[in-house]
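*Asks:* The following block contains the structure, expressed as structure tokens.
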Amino acid sequence: SHPELLDWLAVELMENNWDTRHIHRLILGSNTYRQSSAYIANNAQLDPDNLRYWRWEPRRLEAEAIRDTMLATAGSIDLKAGGASVPRSKVNESNRRSVYLQQKRDNLPHQQMLFDGANAVTSCAHRRVSTVSLQPLYLLNSKFAQRMAREFAKSVEEVHEPRKQVAEAIQRALGRKAEIDELRRGELLTKEHGLVSFCAALMNLNEFLYIP
């Protein structure tokens, strides 16, 4: 969408002895890359499609990253490198990272296909991002999601006070401190439906699934 910028970066790369680290630093340190995702009404009126990148557009995690993030949040992820791949029949019980899930063209992992993973048949330079009703249903009701919610809840049960459990769960899932209203509502949900349900709800939030 911005060919002149790509040309400039290509020249910059060549003039710096093809040093890719220089390009990485340049991009990561740029004002555009470090933009806030905050909505500004005046900017939205001038550029509703964000063609000039006046804000960071929240980006959903890839299918593999969603699964790995759920494992990491629950404290269950297996970080061992190497070894045999995980067959589809064992995906729900496995704690291995998604990179080790078996890739068979006619039988790909369900979550991978549900969240727009590559189909392993054709070249995929850019994944599409869909939002369909089956996605939250999977994150709420699948065997894997339910197991992650239980293990997540078990990991925060060490904190005995309900409000502190809610605060700890939010800190682990969202990487920030809980707000007062979130603590109140989280404590109420936990009291009525249990800590597992609250943990499942956290892993269904946009803030959990998207890079803000």
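The values are calculated or read from the model by the stated rules, or taken from the named source; none is laboratory data. Please read these numbers as outputs of a predicted model, since none were measured by experiment. Here the Cβ positions follow ideal geometry from the backbone for every residue, glycine too, while neighbour counts run over all protein chains shown. We work out accessible area using only protein heavy atoms, side chains counted, and drop any ligands, DNA or RNA first. Shrake-Rupley method; radii C 1.70, N 1.55, O 1.52, S 1.80 Å.
*Asks:* Tell me whether segment 116-127 contains one or more residues that are open to solvent by less than 20 Å² (accessible area, probe 1.4 Å) and on the phi > 0 side of the Ramachandran plot.
*Replies:* Initial filter on segment 116-127 (open to solvent by less than 20 Å² (accessible area, probe 1.4 Å)): 116-117.
Within this subset, residues satisfying the condition of being on the phi > 0 side of the Ramachandran plot are 116.
Yes, some residue in segment 116-127 is open to solvent by less than 20 Å² (accessible area, probe 1.4 Å) and on the phi > 0 side of the Ramachandran plot.
*Asks:* Another one. Select from segment 1-36 the residues that are over 22 Å from P212 (Cα atoms), surrounded by 11 or more Cβ atoms within 10 Å (Cβ to Cβ) and of a type in the set (V, I, T) and list them in ascending order.
*Replies:* Within segment 1-36, just I23 meets the criteria.
Yes/no matrix, rows are residues, columns are (1) open to solvent by 30 Å² or more (accessible area, probe 1.4 Å); (2) in a loop (DSSP other than H, G, I, E, B):
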{"residue": "A38", "(1), (2)": "yes, yes"}
{"residue": "N42", "(1), (2)": "yes, no"}
{"residue": "N50", "(1), (2)": "no, yes"}
{"residue": "W56", "(1), (2)": "yes, yes"}
{"residue": "G75", "(1), (2)": "yes, yes"}
{"residue": "A81", "(1), (2)": "yes, yes"}
{"residue": "S89", "(1), (2)": "yes, no"}
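*Asks:* Follow-up question, since we're still on this one. Of the residues S130, S98, S85, which is crowded, with 16+ Cβ neighbours inside 10 Å, among the small types (G, A, S), within 16 Å of E64 (Cα to Cα) and modelled with pLDDT of 90 or more? Please lay out each step first, then the result.
*Replies:* On the way: S130 fails: crowded, with 16+ Cβ neighbours inside 10 Å; S85 fails: crowded, with 16+ Cβ neighbours inside 10 Å.
From the options S130, S98, S85, the qualifying one is S98.
*Asks:* Could you pull out the residue among S123, S130, S85, S89 that is closer than 27 Å to G175 by Cβ and of a type in the set (S, T, N, Q)? Reasoning before the result, please.
*Replies:* Details: S123 fails: closer than 27 Å to G175 by Cβ; S85 fails: closer than 27 Å to G175 by Cβ; S89 fails: closer than 27 Å to G175 by Cβ.
Result: S130 is the single residue among S123, S130, S85, S89 that is closer than 27 Å to G175 by Cβ and of a type in the set (S, T, N, Q).
*Asks:* Report every pair of residues separated by at least 6 positions or lying on different chains whose Cβ atoms are under 6 Å apart, first residue within segment 54-82 and over 30 Å from N43 (Cα atoms) and without any contact (Cβ under 8 Å) to a residue 24 or more places away in the chain, second in a strand (DSSP E or B) and open to solvent by less than 50 Å² (accessible area, probe 1.4 Å).
*Replies:* That search, which allows pairs on different chains as well, returns D78/R96.
*Asks:* So the check is Cβ under 7 Å with 6+ separation or different chains; which pairs have a first residue in segment 196-212 that's open to solvent by less than 20 Å² (accessible area, probe 1.4 Å) and a second one that's among the β-branched types (V, I, T)?
*Replies:* F198/V166; F198/T190; L202/I170; M203/T73; L209/I66
*Asks:* Mind checking which residues of segment 178-195 are touching a residue at least 12 places away in the same chain (Cβ under 8 Å) and either loosely packed, with under 14 Cβ neighbours inside 10 Å or within 13 Å of A153 (Cβ to Cβ) (or both)?
*Replies:* G186, L189, T190, K191, G194, L195
*Asks:* Yes or no: G175 crowded, with 17+ Cβ neighbours inside 10 Å and within 17 Å of the chain's Cα centre (by Cα)? Spell out how you get there, then give the answer.
*Replies:* Numbers: crowded, with 17+ Cβ neighbours inside 10 Å: no; within 17 Å of the chain's Cα centre (by Cα): yes.
For G175, the condition - crowded, with 17+ Cβ neighbours inside 10 Å and within 17 Å of the chain's Cα centre (by Cα) - is not met.
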